[in-house]
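Okay, so here's the structure we're looking at.
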Amino acid sequence: MGDEYFLLVCDDVPHDVVLTDPGVRVLDVARVVRRLTGLSLWHSKVLAVRIPAVVLAGVPREDAEAAVAALRQVGAEAEAREQPPPDFLGP
């Protein structure tokens, strides 16, 4: 019997929080990234200056929107992107 894959459709599609521009207050953005991810301040700053950077992956829409709002509040540009559905059928 071959492998079968099932795609479950649910109401909450996972989202990624992507930092597109840290703005001029990089240290403030790094502090928010630290609070969101639990990384050290040094790793958060490295993540904040590597653009574009996925800060959070696979989070619910409400959490993603809250993270984007926190990043925008300190002057960064960020967006919440829906994760694409997995391609189980393959090439």
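Within the range 52-73, residues that are free of Cβ contacts under 8 Å to residues at least 12 places away in the same chain sit with their Cβ atoms under 7 Å from residues that are open to solvent by less than 80 Å² (accessible area, probe 1.4 Å), at 6+ positions apart or across chains, in these pairs: R72/A78. In the range 1-36, of all residues being among the charged types (D, E, K, R) and modelled with pLDDT of 90 or more, the one that is most open to solvent (accessible area, probe 1.4 Å) corresponds to R35. Restricted to the range 23-91, the set of helices (runs of 4 or more DSSP H) holding at least 1 residues that are within 22 Å of V13 (Cα to Cα) comprises 26-37, 61-73.
The values are calculated or read from the model by the stated rules, or taken from the named source; none is laboratory data. All figures in this text were calculated on a predicted structure; none of them were measured in a lab. Counting neighbours? That spans all protein chains shown, and the Cβs are built from the backbone with ideal geometry, glycine included. Side chains included, ligands, DNA and RNA excluded: accessible areas come from the protein's heavy atoms. Shrake-Rupley method; radii C 1.70, N 1.55, O 1.52, S 1.80 Å.
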